[in-house]
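The values are calculated or read from the model by the stated rules, or taken from the named source; none is laboratory data. On a predicted model such as this, the values are computed, not experimentally measured, just so you know. For neighbour counting, all protein chains shown are included, and Cβ atoms are generated from backbone atoms with ideal geometry for every residue, glycine included.
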């Protein structure tokens with residue numbers, strides 16, 4: 001059996017409560033294996049711990065207990081090969097930068113390329129996410145929500161990640177834009193072999209996209225199964 005790409009072993013995360021009188025657990029003894037090239041969906045109600053789990057997977061949060069391993073070794077904070085596509089992509093784009101600079105900036109930071117040499121790669125990334133080169137001179141406020149999501153995706157792909165964690169990538173988009181983003185993620189997984197973790201409260205885009213789905217409740221993994229089985233048969237009453 002092949003080694004998991006990412007593995008969480010008994011991971012718990014605790015935060016101080018707002019009153020400062022104690023601590024509350026956002027994740028509780030989470031065990032999870034994600035295989036290379038897999039598309040794993042994460043579902044759950046608000047407050048279930050989905051975003052906390054995403055930040056643990058990317059190394060942004062260090063578990064209070066337990067262990068996270070990436071390719072068999074302990075996950076290091078700031079691991080470049082694991083990138084996050086944030087919810088509400090527009091709010092994570094510098095409003096003063098053009099699309100050309102937004103997509104090109106990671107090539108400077110991660111690859112050390114000089115700005116005069118990144119034009120070709122920016123064009124390739126724009127094509128990969130289905131954006132016209134005519135948008136290069138625009139700023140985020142001149143783009144639709146779906147276009148901002150694609151610009152955000154082009155930025156993380158510029159880092160050449162092996163794993164992409166998508167936090168509610170369909171939120172705030174109309175149905176047509178959701179379908180286009182879903183199909184784009186599926187194509188990137190198929191063509192580039194990118195491992196995807198897709199967080200969503202909506203099962204509709206996950207069913208045709210994901211190989212497996214994990215249902216979260218109260219900071220834990222309630223059940224995990226194939227997307228077809230879990231989202232059709234609903235084996236647990238909470239999932240139903």
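Quick look at the values:
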quantity	calculated
Candidates 53, 102, 27, 32, filtered to the one that is in contact with a strand residue (DSSP E or B) (Cβ under 9 Å, 6 or more places away or on another chain), farther than 24 Å from residue 207 by Cβ and buried (at least 19 other Cβ atoms within 10 Å of the Cβ)	27
Per-region count, the range 62-95, residues over 15 Å from the mean Cα position of the chain (by Cα), surrounded by 14 or more Cβ atoms within 10 Å (Cβ to Cβ) and either closer than 14 Å to residue 14 by Cα or modelled with pLDDT under 90 (or both)	5
Flag for residue 100 being in contact (Cβ under 8 Å) with a residue 24 or more places away in the chain, part of a helix (DSSP H, G or I), at negative phi and more than 21 Å from the chain's Cα centre (by Cα)	yes
Single condition residue 127 does not satisfy, out of (1) part of a loop (DSSP other than H, G, I, E, B); (2) over 25 Å from residue 200 (Cβ atoms)	(1)
Options 186, 158, 154; residue that is within 11 Å of residue 83 (Cβ to Cβ) and either in contact with a helix residue (DSSP H, G or I) (Cβ under 7 Å, 6 or more places away or on another chain) or crowded, with 20+ Cβ neighbours inside 10 Å (or both)	158
